[in-house]
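Peer 1: Can you keep this structure in mind? I'll have questions shortly.
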Amino acid sequence: MGVLTLPVVLLAGGEWSGWLIGFILWCINWGISNATARWSFGLSATAAVGMSGVSFIARAWLTALVLFVIALRYSEEAGLIAAGVFITCFTFDLLGRTALYASRTRTPLKGTGQ
């Protein structure tokens, strides 16, 4: 998805660095999300949900902080473009994961009548 945002940014006259920053931030966020999901396997449901929730909120705050600093210290335009690229990639990734989860067929547990 991130690669598809590059032509849009360039055609709109945006900074290449803004796209690169947003795409790198999304890749880091995606990697941490996958690592958290792997680490939560084998934990109790409560611990896994807690770990995922804390990770989700921490990643959101850290990304917002990095984008804020970039906009203030480096370039406001690059920060705004990076934010747009990040939120686009994040949204489409979330939609894709949700669609995949919803499309999975679940097998009922034996002996529970479900």
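The values are calculated or read from the model by the stated rules, or taken from the named source; none is laboratory data. It should be emphasised that the depicted structure is a prediction, and the values quoted were computed from it without experimental measurement. Glycine also receives a Cβ, built like all others from the backbone with ideal geometry; neighbour counts cover every protein chain displayed.
Peer 1: Given 33, 40, 52, which one is surrounded by 11 or more Cβ atoms within 10 Å (Cβ to Cβ), over 20 Å from residue 82 (Cβ atoms), hydroxyl-bearing (Ser, Thr, Tyr) and within 15 Å of the chain's Cα centre (by Cα)?
Peer 2: None of the other options fit; the residue is 52.
Peer 1: Being in contact with a Leu (Cβ under 9 Å, 6 or more places away or on another chain) and in contact (Cβ under 8 Å) with a residue 60 or more places away in the chain is the filter; apply it to region 22-77 and report the residue that is nearest to residue 94 (Cα to Cα).
Peer 2: 29
Peer 1: Say we look at region 55-99 and pick out the residues that are under 14 Å from residue 32 (Cβ atoms) and aliphatic (A, V, I, L, M); which of these is surrounded by the most Cβ atoms within 10 Å (Cβ to Cβ)?
Peer 2: 66
Peer 1: Looking only at region 1-39, which residues are in contact with a Cys (Cβ under 8 Å, 6 or more places away or on another chain), part of a helix (DSSP H, G or I) and at pLDDT below 90?
Peer 2: 2, 5
Peer 1: Which one is nearest to residue 20 (Cα to Cα) among residues in region 40-75 that are among the polar types (S, T, N, Q) and either in contact with a Lys or Arg (Cβ under 7 Å, 6 or more places away or on another chain) or not in a helix (DSSP H, G or I) (or both)?
Peer 2: Among those that are among the polar types (S, T, N, Q) and either in contact with a Lys or Arg (Cβ under 7 Å, 6 or more places away or on another chain) or not in a helix (DSSP H, G or I) (or both), it is 75.
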